[in-house]
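These notes concern the structure reproduced below.
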Amino acid sequence: MRKIFSWIKKEDTIFFLDTILFSYSQILFARSRFIGVIVLLSTFVHPTIGVNALLSCLFANSIALYLGINKLEIRAGLYGFNAVLLGMSMSLYIGIKGLHAIVYILLFSS
């Protein structure tokens, strides 16, 4: 198993976890991993909302990283928190699920 994931660096994993957790904590204007975990887990009370929010966050942070934006700003969650809110609102207010949700996430969260 170790050989399969040997190309993944520990620093990159921590970076992406931080981008996710800080994006969620930015919703409450906080900069805490603990608050990020609490908000992340609370979105999964309704699984569709949780999945859409997490996919939006991952995609927005990946696009920001690909565009060469400052890594400190990405890590602080400044580019992912709006995508989290977008993913949650698409599920809650519009009721988008499945493949339609993925297409909208790709279009609007970047």
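Rounded to the nearest 10 degrees, what's the angle between the helix 98-108 long axis and the longest principal axis of the chain, both from Cα atoms, 0 to 90?
70
I need the trypsin sites (Lys or Arg not before Pro) found in region 1-106, filtered to DSSP loop residues with at most 14 other beta carbons within 10 Å of theirs. Please report the intermediate quantities before stating the final value.
Details: sites: R2, K3, K9, K10, R31, R33, K71, R75, K97; in loops: R2, K3, K9, R31, K97.
For trypsin sites (Lys or Arg not before Pro) across region 1-106 that sit outside H, G, I, E and B with at most 14 neighbouring Cβ atoms in 10 Å, the list reads R2, K3, K9, R31, K97.
Which whole-number percentage describes the relative contact order of the chain, with Cα contacts under 8 Å and a sequence gap of 6 or more?
Computed value for the chain: 30 percent relative contact order.
First measure r as the distance between the Cβ atoms of Y66 and H100, then evaluate 1/(1 + (r/R0)^6) with R0 = 30 Å and state the FRET efficiency to the nearest 0.05. Spell out each step's value before the answer.
On the way: r = 24 Å, r/R0 = 0.81.
That pair, Y66 with H100, gives E of 0.80.
Treating the beta-carbon of each Lys and Arg as +1 and of each Asp and Glu as -1, no other charges, what is the dipole magnitude of the chain about its Cα centre, to the nearest 20 debye?
Value, rounded to 20: 320 debye.
Which residues in region 51-67 have a backbone N closer than 19 Å to a point placed 7 Å from the Cα of E11 along the Cα-to-Cβ line?
Only 62, 65-67 fall inside the zone, counting backbone N under 19 Å.
With every protein chain left in place, what is the accessible area per residue of the chain in square angstrom, probe 1.4 Å?
Value returned for the chain: 66 Å² of accessible area per residue.
What's the angle, to the nearest 10 degrees (0 to 90), between helix 10-26's Cα axis and the longest principal axis of the chain?
Helix 10-26 sits at roughly 30 degrees to that axis.
I need the semi-axes of the equivalent ellipsoid of the chain: take the C-alpha gyration tensor, multiply each eigenvalue by 5, square-root it, list largest first in whole angstrom.
Values: eigenvalues 99, 54, 43 Å².
Ellipsoid half-lengths, sorted descending, are 22, 16, 15 Å.
Accessible area of the chain with a 1.4 Å probe: how many percent of it is carbon plus sulfur?
Reported share for carbon and sulfur atoms: 69 percent.
The values are calculated or read from the model by the stated rules, or taken from the named source; none is laboratory data. It should be emphasised that the depicted structure is a prediction, and the values quoted were computed from it without experimental measurement. When we count neighbours, we look across all protein chains shown, and the Cβ atoms used for this are built from the backbone with ideal geometry, even at glycine. Heads up: the accessible areas ignore ligands, DNA and RNA and are worked out on the full protein's heavy atoms, side chains in. Shrake-Rupley method; radii C 1.70, N 1.55, O 1.52, S 1.80 Å.
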